[in-house]
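Contents: one structure, followed by commentary.
Taken together, the values in this text are just the output of simple stated rules run on the coordinates, not laboratory data. What you see is a predicted model; the values in this text were computed from it and never measured. Here the Cβ positions follow ideal geometry from the backbone for every residue, glycine too, while neighbour counts run over all protein chains shown.
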Amino acid sequence: MAIYDKPVRFLMKDMVNAFGLQNGQSFVKQQAIDWFAQHYPKVKKGTVTAHLIRLSVNAPSRLHYSPKPGEDDLFFQLDSNHFRLYDIQKDPLPIHDAKSDAGTSRAEALEEDINLGVSTEFAYESDLRDYLAKNLQVIEPGLKLYEEEGITGVEFPVGGRFIDILAIDSRGDFVVIELKVSRGYDRVIGQLLRYMAWIQKNQAELVQEVRGIIVAREISEDLVLACSLIPNIELFEYELSLSLKQVHPVAKNINI
């Protein structure tokens, strides 16, 4: 649901007109943030940043925000802070979501396997991220993926970096989730606290609290110790199992 009469993705085009941008001219991210703060103050800093990525034809992370071909192909990202208008004559084709030949994405296939009771070690952090983003209830009842103006909490941009998953709990508070496919060490605490502080300062309302969750294959003792004095951070270890069922010839089930 749009905060103003126009969705932010369309307000970005008004911003371009206000800047008087011509082909080849660039602008910095802070200019966009300042323009929205002046003209549309209800739009959060993170939402502006996420839309810059969504509308940038060469930003791989735009896929998490479901860009619409043609409509959302507005910018070309030069680096983490600089953008210019997309030049359809010179720039590469826009990055858009692609399905496999079978019509099923890797994340969907992974979810299907797990729902069928067949689980294997997550080969990539993105696999774990994509599965949990669709199944946040396994972490906590009532937990749901953050979403506003078409921007989701998957790889949510914070100060030039990205939160693995940004969620909202049943009380309406923010939950920052960081993932480690192997062992979680105490150094992840600094990263998580930085993300939590950014969300508290730039995205949360005054009445909203921010807490953190770390999910890893194995939580180290030093990480447990580091979190022992931080009440708003929780630690989770994920477990995987493999179940086989022989269908031909008929035989008893084998569980590993």
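Quick notes on this one:
- Helix 45-54 and the longest principal axis of the Cα set of the chain meet at an angle near 90°.
- On Cα atoms only, tilt of 125-134 relative to the major axis of the chain in degrees: 90
- Nearest-0.05 FRET efficiency for His96 and Arg187, computed from C-beta distance (R0 35 Å): 0.45
- Ranked for footprinting exposure by Cβ neighbours inside 10 Å, fewest first, Thr47, Thr152 give Thr152, Thr47.
- Across the chain, Cα-Cα pairs more than 27 Å apart make up 45 percent of the total.
- In a DSSP loop and with at most 13 other Cβ atoms within 10 Å, the trypsin sites (Lys or Arg not before Pro) in region 1-53 are Lys42.
- With at most 11 other Cβ atoms within 10 Å, longest stretch of the chain clear of loop GluC sites (Glu not before Pro) (DSSP): 122-204
- About the Cα centre, charge dipole magnitude for the chain (Lys/Arg +1, Asp/Glu -1 at Cβ), debye: 500
- Across the chain, the longest run free of exposed loop sites, meaning chymotrypsin sites (Phe, Trp or Tyr not before Pro) lying outside DSSP classes H, G, I, E and B with no more than 13 other Cβ atoms within 10 Å, spans 125-256.
- The charge dipole of region 121-237, taken about its Cα centre with unit charges on the Cβ atoms of Lys, Arg (+1), Asp and Glu (-1) only, comes to about 220 debye.
- Cut-off 11 Å between beta-carbons: net charge of the residues surrounding Asn232, Lys and Arg +1, Asp and Glu -1: -2
- Kirkwood-type radius of region 1-100, with distances r between different C-alpha atoms, in Å: 13.7
- From phi via Karplus (6.51, -1.76, 1.60), per-residue ³J(HN,Hα) for region 138-146 in Hz, x at Gly/Pro: 6, 8, 6, x, x, 6, 9, 5, 5
- Crossing angle, helix 8-19 versus the chain [Cα axis fit, 0-90 degrees, rounded to tens]: 30
- Cβ-based exposure ranking for Met12, Met196, in which fewest neighbours within 10 Å come first: Met12, Met196
- Rel. contact order, % - alpha carbon contacts under 8 angstrom, at least six apart, the chain: 14
- As a ratio to 2.2 N^0.38 Å, the alpha-carbon radius of gyration for region 121-237 is 0.99.
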